[in-house]
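To keep things clear, I will list the structure first and then write my remarks on it.
Please treat every number below as a calculation from the coordinates, not as lab data. Since the model is a prediction, treat every value here as computed from it, not as a measurement. For neighbour counting, all protein chains shown are included, and Cβ atoms are generated from backbone atoms with ideal geometry for every residue, glycine included.
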Amino acid sequence: MKAGREVDFKLFKEELSGLKYNGRAVWVDLGFLGIRHWLSDARIFIPHKKSRGKALSEAQRKENAAMARVRVKVEHMIGGIKRYFILQHRSRFKVMQK
């Protein structure tokens, strides 16, 4: 089984990387570190990653916290959509009966 971030980034590359973003904001987490290679025409918001042996600066920590405040609201909205079955994924495959 693969980690969720590997699956998320793979799905992004397969499904969304060919779209035109035209300067739109794209908010992602650290699982999408290579996204800048795929989206040259988007404004990408990704948290700063701590280097091995080095701490983040105070400005980087504040920026990460500000991004987290926005992202958590979006995550809660997505959770609400799933909780109330507003968005459903249905399989279109037909099951063969024996």
Got a sec? Which residues in the range 46-61 would a label at Ala68 touch, if it sits 7 Å along Cα→Cβ and we count backbone N under 12 Å? 47-48, 61
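Tell me whether the range 1-68 comes out rounded, prolate or oblate; compute the Cα gyration tensor, take square roots of the eigenvalues as a ≥ b ≥ c, and use a/c under 1.5 as the rounded threshold. Walk me through the numbers on the way to the answer.
Details: a/c = 2.54, a/b = 1.41, b/c = 1.79.
Cα axes put the range 1-68 in the oblate bin.
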Show me, for the range 21-32, the HN-Hα J-couplings you get by feeding each phi into the Karplus relation (A = 6.51, B = -1.76, C = 1.60, θ = phi - 60°), rounded to Hz, glycine and proline as x. 9, 6, x, 6, 7, 10, 9, 9, 9, 5, x, 10
Contour excess over end-to-end distance, with Cα ends at Lys82 and Arg61 and 0.36 nm allotted per residue: 4.5 nm
Tell me the net charge near Asn22. Cut-off is 13 Å between Cβ atoms, Asn22 excluded, with +1 for each Lys or Arg and -1 for each Asp or Glu. +2
